[in-house]
């Protein structure tokens with residue numbers, strides 16, 4: 001019996017020692033008591049090392065609790081074997097995943113301890129494989145669940161067994177709508193046969209249309225894979241389909257583009273001499289598909305046949321070649337064709353196959369021939385150009401130039417060709433051409449002079465243009481204009497402009513300085529005539545003074561108008577107005593002068609006029625005033641005829657022609673060419689009978705030009721003169737209702753003492769103070785005087801005034817600043833009505849005054865009638881008594 005136990009023990013030792021899996025004896029505390037060699041090899045430790053450690057020493061902490069619970073279950077007798085998959089640390093720090101089988105071995109008696117028998121099997125490969133499988137399944141699930149393509153598989157009978165969720169995005173169906181069905185009704189009827197034929201083909205790729213849930217068809221491209229069993233029977237058919245609707249559209253567009261581009265492809269089996277061509281090639285050749293002429297060279301123009309044959313023979317030795325030729329059409333016409341060919345060779349280097357495309361390039365060929373013609377014309381243009389033209393390569397070396405470059409530099413063309421442009425413009429300027437001229441259009445500004453052979457510099461105006469060939473920069477053109485003479489002209493022009501500006505400023509200043517004393521002259525004569533009892537002689541004297549003052553003021557106005565127009569500061573207003581009203585207002589002003597000379601004024605409208613046009617009515621009145629005024633001035637008896645005619649419209653403008661004819665002294669032919677020159681007078685200065693500056697017609701001509709027309713003198717039958725001018729005005733399509741202000745009866749009441757207003761006169765000139773004060777007091781108003789802007793502000797703060805006549809130019813503080821402060825500091829109910837009074841009559845002065853907060857505007861010299869109208873306006877706006 002004892003021998004048998006010894007044999008068993010020896011057998012166990014052999015199994016333990018030579019077992020291919022790890023075995024260990026472990027105390028119930030988890031300490032290894034004995035380990036076999038397989039376990040040592042598994043962890044790369046010696047038995048001595050391992051028996052000094054516990055199982056938990058070699059295990060990640062996450063597995064400690066599970067192992068303790070397993071040992072406790074064994075000790076409690078819950079189950080005979082406990083299995084656990086866990087990792088162990090190896091000597092090098094890596095881990096090995098093992099399957100651990102724990103079995104409790106009880107002691108022989110109560111005094112011998114129990115221990116745990118451990119069977120340890122390396123399952124790293126299995127674990128890795130399982131994890132790999134899980135990863136593959138996860139990836140497959142991710143792909144299947146998130147792929148944009150539709151992934152499906154079906155049974156051999158065509159029933160769909162699986163469909164990915166992407167069908168929802170592509171076709172609008174839920175996967176459950178597809179699974180379990182054959183779905184043949186979803187395919188386009190024209191594609192059904194193709195689908196039925198190819199559906200069971202292995203690795204087939206075909207396209208077809210599928211009905212979207214909303215009713216339209218989309219194109220799918222599907223690849224199929226047949227899954228078979230070991231006997232070759234079909235188990236399932238895997239299909240991966242993607243939406244190619246856009247690609248299909250693009251392909252259709254490409255096919256259409258090829259048709260439009262007259263481009264087709266062909267193949268030539270050189271060995272068997274068989275040619276296949278697409279329909280487009282047959283269309284290009286204008287032949288019925290498959291029907292070549294007996295002699296294929298008959299398709300080639302006779303003059304190109306030899307060259308074409310040689311090209312094809314030589315092409316058999318190349319991988320790629322191109323040839324162009326003329327094609328003879330069946331009707332005898334000619335097409336220009338371009339052929340690109342790719343050649344395939346056998347192992348001996350013999351051509352066995354050719355693939356090519358043929359394109360009808362007739363249109364581009366014609367363009368090319370025209371381009372060649374343009375090049376030839378350009379050559380002539382460069383040769384005979386008035387500017388120096390130099391062509392450069394990318395290094396700045398001169399390739400070619402022209403005769404004008406010889407004159408600019410002093411070198412011959414032969415001497416310049418091959419030299420670098422830096423020799424003529426300086427090395428520092430070369431970089432601007434080579435690096436910046438394509439993207440920076442200002443680079444040419446750096447080249448402002450050429451160095452002449454004699455050593456001096458010639459000022460030039462330069463243009464740099466890149467030479468672009470096949471979308472690549474091949475060089476540059478430099479076009480240089482000698483501006484020596486132009487520079488002199490520019491200096492002279494600037495001097496003239498400065499002189500003209502100085503003249504305009506001087507005239508404006510003199511106008512201001514003259515208007516101020518003229519205010520006293522005209523104002524006082526106005527007061528004398530209206531408020532003083534005069535005998536006939538005194539009244540005549542005063543009227544002569546008043547008339548002379550008005551004449552002087554008219555001269556000043558003419559000079560000022562001319563200076564504004566000459567300096568370019570004349571601006572046009574754009575407002576709707578009625579042509580006939582404008583004419584009637586003008587003639588109403590001039591009618592008294594005509595009556596003084598017993599002249600009659602006739603008006604004639606030849607065509608229907610637009611009710612309203614948009615433009616500057618004041619400028620039109622000024623032209624009519626000058627022309628009709630001249631007609632009255634130079635006519636002693638008879639009449640003046642004024643006519644308006646609407647000419648055929650263009651550009652949505654009303655074109656109006658005015659004519660002013662008189663029966664006066666007429667104009668000599670030799671004087672007509674000078675009529676519209678400034679300061680020109682027909683009558684001699686020493687013998688003239690009429691007054692004036694000689695600026696009226698010059699101003700009229702410039703104003704007519706501003707209004708888009710022209711003015712001329714026309715011949716007349718008999719005595720007198722005839723002036724005609726045209727103007728252009730945009731017509732108002734829908735006439736707006738222009739309401740004229742009709743003053744109420746109460747507003748037209750004569751001024752009475754009970755309606756006297758408190759008026760502050762802001763004026764620093766004593767004479768102007770006196771004139772304004774007397775004019776206002778003669779109307780029964782109370783007046784106060786302020787001599788500068790600060791006094792105005794102080795007085796307006798201390799006392800309420802109904803009106804302030806505010807001079808714009810005053811010492812200490814001007815009228816504009818004073819007005820702004822009054823508007824800012826006084827409550828609205830205490831603000832007076834402020835009237836600007838200025839000796840300036842320049843464009844924009846009125847706008848500046850109104851912008852500063854003034855309510856009305858008048859220019860000097862001041863007249864009683866104007867003051868009365870302004871006071872009425874103040875009553876209306878301020879609701880004064």
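If you check residue 281 against the conditions, is it within 51 Å of the chain's Cα centre (by Cα) and either outside any loop (DSSP other than H, G, I, E, B) or touching a residue at least 12 places away in the same chain (Cβ under 8 Å) (or both)?
In short, yes.
Looking at residue 855 and the list (1) without any contact (Cβ under 8 Å) to a residue 24 or more places away in the chain; (2) buried (at least 19 other Cβ atoms within 10 Å of the Cβ); (3) within 43 Å of the chain's Cα centre (by Cα), which single condition is not satisfied?
(3)
Mind checking which residues of the range 628-642 are assigned to a helix (DSSP H, G or I) and either farther than 14 Å from residue 603 by Cα or more than 53 Å from the chain's Cα centre (by Cα) (or both)?
Passing the criteria: 629, 630, 631, 632, 633.
Write out, first by first residue and then by second, each pair whose Cβ atoms fall under 6 Å of each other, whose residues are 6+ apart or on separate chains, and whose first residue, in the range 592-610, is touching a residue at least 60 places away in the same chain (Cβ under 8 Å) while the second is surrounded by 13 or more Cβ atoms within 10 Å (Cβ to Cβ) and outside any loop (DSSP other than H, G, I, E, B).
The qualifying pairs are 610/654; 610/731.
Quickly run through the range 192-235 and pick out the residues that are farther than 21 Å from residue 155 by Cα and either outside the structural domain of residue 162 (by TED's automatic domain parsing) or not in a strand (DSSP E or B) (or both).
212, 213, 214, 215, 216
Taking the range 304-338, which residues are over 25 Å from residue 283 (Cα atoms) and either assigned to a loop (DSSP other than H, G, I, E, B) or not assigned by TED's automatic domain parsing to the domain that holds residue 284 (or both)?
Result: 316, 317, 318, 319.
May I ask you to verify whether residue 328 is surrounded by 12 or more Cβ atoms within 10 Å (Cβ to Cβ) and touching a strand residue (DSSP E or B) at 6+ places or on another chain (Cβ under 8 Å)? Even if it seems obvious, please write down each step before you answer.
Numbers: surrounded by 12 or more Cβ atoms within 10 Å (Cβ to Cβ): yes; touching a strand residue (DSSP E or B) at 6+ places or on another chain (Cβ under 8 Å): yes.
Against the criterion (surrounded by 12 or more Cβ atoms within 10 Å (Cβ to Cβ) and touching a strand residue (DSSP E or B) at 6+ places or on another chain (Cβ under 8 Å)), residue 328 qualifies.
Taking the stated definitions as given, is residue 862 assigned by TED's automatic domain parsing to the domain that holds residue 777, closer than 12 Å to residue 762 by Cβ, in contact (Cβ under 8 Å) with a residue 60 or more places away in the chain and in contact with a helix residue (DSSP H, G or I) (Cβ under 9 Å, 6 or more places away or on another chain)?
Numbers: assigned by TED's automatic domain parsing to the domain that holds residue 777: yes; closer than 12 Å to residue 762 by Cβ: no; in contact (Cβ under 8 Å) with a residue 60 or more places away in the chain: yes; in contact with a helix residue (DSSP H, G or I) (Cβ under 9 Å, 6 or more places away or on another chain): yes.
No; evaluated as a whole, the condition is false for this residue.
Against the conditions (1) buried (at least 18 other Cβ atoms within 10 Å of the Cβ); (2) out of contact with any strand residue (DSSP E or B) (no Cβ under 6 Å at 6 or more places or on another chain), where does residue 262 fall short? Just the number, please.
Only one criterion is unmet by residue 262, namely (2).
Might you check whether a residue that is farther than 21 Å from residue 728 by Cα and modelled with pLDDT under 90 occurs anywhere in the range 617-630? Outline the logic, then answer.
Just the residues of the range 617-630 that are farther than 21 Å from residue 728 by Cα, to begin with: 629-630.
The next check asks that each one be modelled with pLDDT under 90; those that pass are 629-630.
The answer is yes, given that some residue of the range 617-630 is farther than 21 Å from residue 728 by Cα and modelled with pLDDT under 90.
The values are calculated or read from the model by the stated rules, or taken from the named source; none is laboratory data. Treat the numbers as computed from the prediction; the structure is a model and nothing was measured. Here the Cβ is made from the backbone with ideal geometry for all residues, glycine too, and neighbour counts use every protein chain on show.
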